[in-house]
1. Exceeding 26 Å between C-alpha atoms, which entries from my cross-link table qualify? They are A:K84/B:K288; A:K244/A:K356; B:K84/B:K244; A:K84/A:K180.
2. Can you give the convex hull volume per residue for the Cα atoms of the protein assembly as shown, as a whole number of Å³?
3. Can you give the mean number of other chain Cβ atoms that lie within 10 Å of the Cβ atoms in peptide B:357-363?
4. About the Cα centre of the protein assembly as shown, what is the dipole size in debye to 20, counting +1 per Lys and Arg Cβ and -1 per Asp and Glu Cβ, all else neutral?
5. State the Cα centre-to-centre distance between region B:326-355 and region B:1-68 in whole Å.
6. With a 1.4 Å probe and all protein chains kept in place, how do A:Y154, A:Y306, A:Y99 rank by accessible area, largest first?
7. Using a 1.4 Å probe and ignoring any ligands, DNA or RNA, find the accessible area of A:F128 and quote it in Å² to the nearest 10.
8. Can you tell me which of B:259-265, A:276-282, A:356-362 comes out highest on packing, and rank the rest after it, using the mean Cβ neighbours within 10 Å?
Protein chains: 2
Amino acid sequence: MAHSFSFEVLSQDRETRARCGKLVTAHGEILTPVFMPVGTQGTVKTLSQDEIRAVGSQIILGNTYHLYLRPGEELMQRAGGLHKFAHWPWPILTDSGGYQVFSLAALRKIHENGVRFQSHIDGSTHEFTPESVVRTQLALGSDIMMVLDECPPYPAEYGYVKKSLMLTTRWAERCLHAWKNTEPLYGHEQTLFAITQGGIYEDLRRQSTEELLALDFPGYAVGGLAVGEPKASMAERYLMGVGKPEDIVNAVNLGVDMFDCVIPTRSGRRGQVFTARGPLNLNNARFKDDFSPLEEGCDCYACQTYTRAYLRHLFQAQEILAMRMASLHNLRYNHRLLQAMRDAITAGEFASWQKKFESDYFIQSKNDNTL
Amino acid sequence: MAHSFSFEVLSQDRETRARCGKLVTAHGEILTPVFMPVGTQGTVKTLSQDEIRAVGSQIILGNTYHLYLRPGEELMQRAGGLHKFAHWPWPILTDSGGYQVFSLAALRKIHENGVRFQSHIDGSTHEFTPESVVRTQLALGSDIMMVLDECPPYPAEYGYVKKSLMLTTRWAERCLHAWKNTEPLYGHEQTLFAITQGGIYEDLRRQSTEELLALDFPGYAVGGLAVGEPKASMAERYLMGVGKPEDIVNAVNLGVDMFDCVIPTRSGRRGQVFTARGPLNLNNARFKDDFSPLEEGCDCYACQTYTRAYLRHLFQAQEILAMRMASLHNLRYNHRLLQAMRDAITAGEFASWQKKFESDYFIQSKNDNTL
C-alpha cells in the first residue's frame, strides 16, 4: 500500500502539554491539533464537500452506526467506500457506532460478545460485535477506525464502570485482532484507535488507559464525558465529542491532538455564531440592523458575502441559507482557532496565546447575555 | 440615471409566436425568453447568491408581501434596497404582493382604495393600496415592479371576475400615476409592469388586456391561472407562476418572454429532478445503487460532483445538501432549457426543436411512473 499510517510530534510546548504533530494517512497528511467536522450520515450537515474543504477541514468524521443502518454496508462496498460515495477524497475517521448504540438505539442489550439493539429508524434488530464494527468500517474504508466500546450512562456506579471498562478492553483486543487479520477492501491502509473509558473515576480511567496502552494501538481516544488527562505516550490522543472553543483550548493545553464535535454545525443551524470575542446569537434583536459581517476579519464566504442583518432576517424567516452560512463560519472559526494554536505552539508561545484567547473570548460573554 | 429600461425583440420565429428579445435594466441585460428563480424572502431557497448566478440566473424575483412584513420597508431602506441587502447586484423583479394577500393572508377585505389583511406571521393588520405597493417596491429598489391586482379565487363567477378586472385596471392606473410621480430612492431606474386578469373567460381576459394596453405600460404580465394568448404588442410579456418545462415551452411558442415559478426549488427540496428525458423522483428505490449523475451531460455542480445514489441516500436521511443539490440542478435545467429555446428561435428552428423536446421529455414519463 502506498502510504502507511504514522504520527509524529513536531513541536512540544515547554510550559504546557500542548504539542503540534503530523498525522500521515492514506488520504493525506493532517496537522495537529486538529478539529474534525462531523458528517454523521456521510454529509456535514447543510454543507457541500467543497465548502467543507474550503474552510480548512483536513479530516471529517463519519458515524458507523448511521451508515451501517443507511445506506448499509453492501451499498457502501458497491460505491467503493465512503470517500467515493460522498466524493470526499481526503481523510476520514469513523467512530465504531458504540456511542450511538448507547445514546440513540432502543432496547439495547449488552453481552460478552457484543451489543444487540433496535434501529432508531425502523425498530429492526441488529447486533454489533467488535469484529462486525471492524468489518463495517472496512466497508466504509475510513482512514482511522475506532474500536467498539461500552459507554456507561452518566452517572454510573463505580462497580458498573469498572466492569464496563474491562469489557471495553476485551472488545478492544478483539477489534485489534480482527483488524490485523483482515485485508482492507480498497487498497489503502486503515488504522485503528482504542477508546479509554472509566467514567468520572480517576483510578478507573487510569486502569482503562494502562490496559489499552499495553495493547499498543496507533492512537487513543478519550471516551465518555469526563476529560481524563492523557498519558505521556507518543500515540495520537483524540478527545471525542468536545467542541466548545474554551474546552478545545484547555484540552490542547493538556496535550490532546484531535477533536470532533457537532457544536459548530448544530449551533450554527440554530443561529449561534462563534467569534474571537465570544459567541453571538443571531436571533437577538440587536442584530436586526447590524450591517457588519458575522465576524470582522474572518475570511470565510459567509463573512465575505453577507451581513448579520441579512442572515438574522433569514433565521427569522427560517431559511436554509442562514443555517448554511452560520455552519460554514463556525467551522472556519474552529479551523482558524486550531491553526492559531498550532502557530503558537510552534512559536513556543502557547501559554501567553491561551491567556490572550481567554481574555478576548470571555469579555463579550461577561458583558452580554447572548446565548 | 445611467440606464433606461428598454425591451427589444431580436428575433421572431416565423412558424410560431416564439421570439427572442433583450431587456435592459439598471442592473444588467436579460436575454429572453427567461426563467426567473423565486426568492420569496430575499433568498432563493437553500441556495447562495453565487450559486444562483453560476447556474445562469439573469434575474430573480422577490415577494413584496413577505419582504414588506419581514424585514420591513424601513430596514430595507437602511440597507440600501434589496440588491444590497441580499448581496445580489443583478436584476430583480418584485411582485406587488397582491397574489400573496389573496393566497396567504387571513381576513382580507377588498375595497376601492385597496385591500386590508392580517399577516400570516403574527396576525397583525395591514393595508395595501396601489400607491403603497409602489412605495414598498421603491424601498426594495427592484428593477421591475408590478402593479397591485386582485386575484379572484378559482372558480369565480363571470360577474365577479368582470368587476374584479375593472378594479384591477383602476388600481393599475393609480400605480402608474404613483410611479410616474415618485423619484426612485437609490439612483437607478425602476420600471412598472401591469397584470392582466379575467380568469377563465376569454372575453374578459381580452377586455383586461385591452384596458391595460391602453395605459401603455413597459411590460405586461398574465396573472391568474389561465394562460391567455398574449396580444401582439412590442411590450414585454410575462407569464406569472408557470414553471413546468412542458408549460414553459408551450408558452414560449405563444410568445411569452418571462417566467417565474417555485417548481424547480420546491420540487427539488422534495427530491424531484428535471431532465431532458422527463422528471425523476430520487426517493424511488431504483436510484439506490445508481452511481450516475442526476442528468448525464449536465454541467451543474450537483451533476459534476455527486451521484444519484448518494443524493438519494441524503434524501432518505433528510439531509439539507440533497435539497440544495436538487434545487441547483433544477434551476440549471430550466436555464439550459430557456437557452436552448433562445438558440432555436435565433436559428429559425423553434417548431422542430419543440417537437424533439416533447418526444424526449415524454418518453420517460410514459414508461415510468416516477412522480
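1. B:K84/B:K244
2. 180
3. Averaged over the peptide's residues, the number is 0.
4. 780
5. Distance between centres, Cα-based: 15 Å.
6. Ranking A:Y154, A:Y306, A:Y99 by accessible area, largest first, yields A:Y154, A:Y99, A:Y306.
7. Solvent-accessible area, nearest 10 Å²: 0 Å².
8. Put in order of decreasing packing, that is B:259-265, A:276-282, A:356-362.
The values are calculated or read from the model by the stated rules, or taken from the named source; none is laboratory data. Given the structure is predicted, the values throughout are model-derived calculations rather than measurements. As a convention, Cβ positions derive from the backbone with ideal geometry for all residues, glycine included, and neighbour counts pool all protein chains shown. Ligands, DNA and RNA are stripped out before the accessible areas are found, and what is left, the full protein with its side chains, is counted by its heavy atoms. Shrake-Rupley method; radii C 1.70, N 1.55, O 1.52, S 1.80 Å.
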